[in-house]
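Report on the following structure.
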Amino acid sequence: MTGERVFPTFSFELYPPRSPAAEVSLFESIDRLSAANPEFISVTYRPTSPDRAASLSVLGKLIREHRVHAMAHLTCVGSSYAEASQVIREFLDEGVTSFLALRGDPPDGQSEGDDFLGDLASAAELVQLIHRVQAERSQFTFEEVPGFPAAKRLRSGEKVTIAVAAFPNGHPRSRSRAQDIDTLLAKQAAGANLAITQLFFEADEYLTFVNEARSAGVTMRILPGIMPVMSLARLRRTLELSGESMPRKLLAALEAAPDSETAAQVGIDACTGLAKDLLAGGADGIHLYTFNRSDAPLAVLRGAGLLGMSSQPA
Ligand code: FAD
């Protein structure tokens, strides 16, 4: 994700399938989402061995069959330094060169107060470890010297893209806005070069946060992470997972929808409106949480005028 880029970009998040039927439907979504030419597609991560293998398999498919820039989520949960380094090597071996470094959600059956991390205590430490493992693997490469066909020169190894999470409405553990911005600055200082936000529902929440982050010295791109929420059940579940507060307008519109088809359209329209407001406010990209679907995310991009634009990194 280096070189020239056409702005604004768009990108997608997927999660690994949990059943054969889910796999079939995910593969259909991948066909359609990758054909839209996103900047990247990211794949979520849980630290258990079958979940990790499932993430790796989706990432491998994106890279080899679809030639899409694939971003692997990784977390600090439950790993020693040696284990975390080994996982990073496994992903690099699969051809992954972009990571989203996260502290991680508590494993099933545990909560925020429990001690569920390993040697790595924060996303910033994971950012540093990814850089270190990558640097150990490819310290130098050789490149052609223009005009001198027989010559080769040394170039420092390929750099990885390391994204991190940002929280426009504050992380649930954070005591203040200043702490959220300081945490983001610490991740940038550790070597992160892209941020993706937690879900939010009002453009001002993102735009104000980005302004404050810029004033504090955050220079990396901050992509707004948004999602078409197409049912009341999905809205409730999403808020439960993210800790965000209830968006009253969307709640009322979903409650008033007479059937599931109307509710789905309400969700798509709300997300399209949000995407347009974000772009008008200066966001240079839109990251869509897809829930492994393609219709709604593509409808949002179409409505926001982003489909058909090349979002491919050069
Ligand atoms: P950190 O940057 O390490 O910090 C979390 C927060 O805790 C900070 O805001 C900071 O204010 C506070 N904090 C940090 N250190 C301290 C301290 N010492 N004392 C007090 N407060 C402190 N989870 C998964 O398990 N798998 C995924 O694939 C996944 N994908 C995600 C994708 C995105 C785009 C986002 C936004 C989140 C994702 N998550 C995922 C959830 C994420 O792991 C949780 O939100 C987690 O609680 C925070 O992760 P972080 O990387 O921001 O953590």
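The values are calculated or read from the model by the stated rules, or taken from the named source; none is laboratory data. Everything numeric in this text was worked out from a predicted model, so none of it was measured. So basically every Cβ, Gly included, is an ideal-geometry build from the backbone, and we count neighbours across all protein chains shown. Surface accessibility is based on the protein's heavy atoms, side chains included, excluding ligands, DNA and RNA. Shrake-Rupley method; radii C 1.70, N 1.55, O 1.52, S 1.80 Å.
Structure above, values below:
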| read-out | value |
| --- | --- |
| Degrees between helix 49-66 axis and first principal axis of the chain (Cα, 0 to 90, nearest 10) | 80 |
| Crossing angle, helix 177-190 versus the chain [Cα axis fit, 0-90 degrees, rounded to tens] | 30 |
| Per residue, in Å², the accessible surface of region 1-109 once ligands and nucleic acids are set aside, probe 1.4 Å | 44 |
| Within a Gaussian network of the chain (alpha carbon springs, distance under 10 Å), most fluctuating of 125, 205, 39 | 205 |
| Folded to 0 to 90 degrees: helix 232-242 orientation relative to the chain principal axis, Cα | 40 |
| Anchor residue 276: aspartates and glutamates whose Cα lies under 13 Å away (excluding residues fewer than 8 positions away in-chain) | 202, 204, 284 |
| Those aspartates and glutamates that a straight Cα-Cα span of less than 15 Å connects to residue 187, excepting residues fewer than 8 apart in one chain | 125 |
| Portion, in percent, of the accessible area of region 9-303 that falls on carbon or sulfur, probe 1.4 Å | 51 |
| √(5λ) per eigenvalue of the Cα gyration tensor, region 9-303, largest first, Å | 32, 23, 21 |
| Approximate spin-label separation residue 259-residue 307, in nm, with each point projected 7 Å along Cα-to-Cβ | 2.3 |
| Region 1-140: relative contact order in percent, alpha carbon pairs under 8 Å with at least 6 residues between | 20 |
